[in-house]
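What follows draws every value from the coordinates through simple rules; no lab data is involved. Remember, it's a predicted structure, so these values are computed and weren't measured experimentally. Ideal geometry is used to build each Cβ from the backbone, glycine not excepted, and the neighbour counts take in all protein chains shown.
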Amino acid sequence: MSFSVVIPAFNAAKQISRTLEAFVEIAKKITVEIIVIDDGSNDETSNKVREYSDFLPLSYLRNESNFGAAYSRNLGVERAKNEIIVFNDSDDVSNLERFYIHQSHLSDPNVISFVSSIKKYGDREVPFKLRDLQNQTSLASDYARHILHGENLGQLGPCHLPSSTMALKKSYFLELGGFDSSFRRNEDVDLVIRGLENNALISTSSKICVLRYVELKVHQSGDSNLVGELMLLQKYAPKYLTKREMSSSKFWFMARADYFEKRSLSAVKHLFLSFIFSPSRLFRSLLTKIPRRIHHDFMNSWSLTWR
């Protein structure tokens, strides 16, 4: 079976060689085409990619300006020659086993397949483990309510199933309308919700097949995440949440952005407002979610800052 790997890249000159080097080895074992979409980079990304044109079946596309990863992935899928589409970020490294797992998952046309990964913060590695699920169905409302509440786990396991570990058939991706390019963040969550609304089956593997390098980038800031989260609320909350739940989630997401951006007083204010609209958050948050988040971010920020 043949695969098309779609890689959006923006100012990725420092990372993309590592990513493409891994695909040089993978291409020796399976039939794969690599499609890099340069999303208006102003560094040496294009030169770094072209260095691999003799070693990979490589296509290079360039956006005139920065349109976002969702737009770039959609463009890559349109140009793809093969039916199985594998998404890979420009700073992530995949292994060969990933492709065999996706192939085993995608026997049905409406499957969205994910593998597990490791998030690498400097020298610190944090596993992002999924369950082993084959063609699992779920109500869109169950998944959407968890993600819109800012919860970590739902019926399918971890709610945020990242696009950098995703594969699906091109025909089904196009049937779903691709990624919503109005999203700059959380476009993968939006795609999964729309998929579940359209009879998608989710397959996930506990095998760790992607190494995801995390850096402190502007587009991954608390405020940029907040924009994506509020867009999800605006799009789906009227269907899946009550008005009180929507208000609680909005203030919860605002508090989380304040925390990431070190706006302490504003974070406390928005937490308080979130608890007013949903008192049940208070107990869970103070005992589990907030301490776990602080520990996670302290350890990983330390690894990034003091390498």
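What ³J(HN,Hα) values, in whole Hz, does the Karplus curve 6.51 cos²θ - 1.76 cosθ + 1.60 give for the stretch 47-61 when θ = phi - 60°, with x put for Gly and Pro?
5, 5, 5, 5, 4, 9, 5, 8, 10, 9, x, 10, 10, 10, 10
Once amide H atoms are placed 1.01 Å from N in the peptide plane, what residues at a sequence separation of 5 or more from Val115, or on another chain, have their amide H within under 5 Å of its amide H?
Distant-sequence amide H within range of Val115: Ser205.
Using the Kirkwood formula on the Cα atoms of the stretch 46-113, what hydrodynamic radius do you get, in angstrom to one decimal?
Averaging 1/r across every pair of different Cα atoms and inverting gives 14.2 Å.
Taking a temperature of 10 °C and a viscosity of 1.306 mPa s, what whole-number D in µm²/s does Stokes-Einstein yield for the stretch 98-240 with Rh from Kirkwood over alpha carbon pairs?
In µm²/s, the coefficient is 102.
Dipole of the chain (Lys/Arg Cβ +1, Asp/Glu Cβ -1, origin at the Cα centre): which of Tyr240, Leu96, Leu130 lies farthest to the positive side?
Farthest towards the positive pole: Tyr240.
Check Arg62: other-chain or 5+ apart residues with amide H under 5 Å from its amide H, H built from backbone geometry?
It is Asp38, by chain and number.
Stretch Asp123-Glu83 to full length: gain in nm at 0.36 nm per residue minus the Cα-Cα span?
Once the chain is fully extended between Asp123 and Glu83, it gains 10.7 nm.
At 1.002 mPa s and 20 °C, plugging the Kirkwood radius over alpha-carbon pairs of the stretch 40-80 into Stokes-Einstein gives what diffusion coefficient in µm²/s?
190 µm²/s
For the chain, just the Cα set please: Rg and Dmax, both in angstrom.
Rg, Dmax (Cα atoms, Å): 19.3, 60.
Between Glu175 and Ser221, with labels modelled 7 Å along Cα→Cβ, what's the label distance in nm to one decimal, could you check?
4.1 nm
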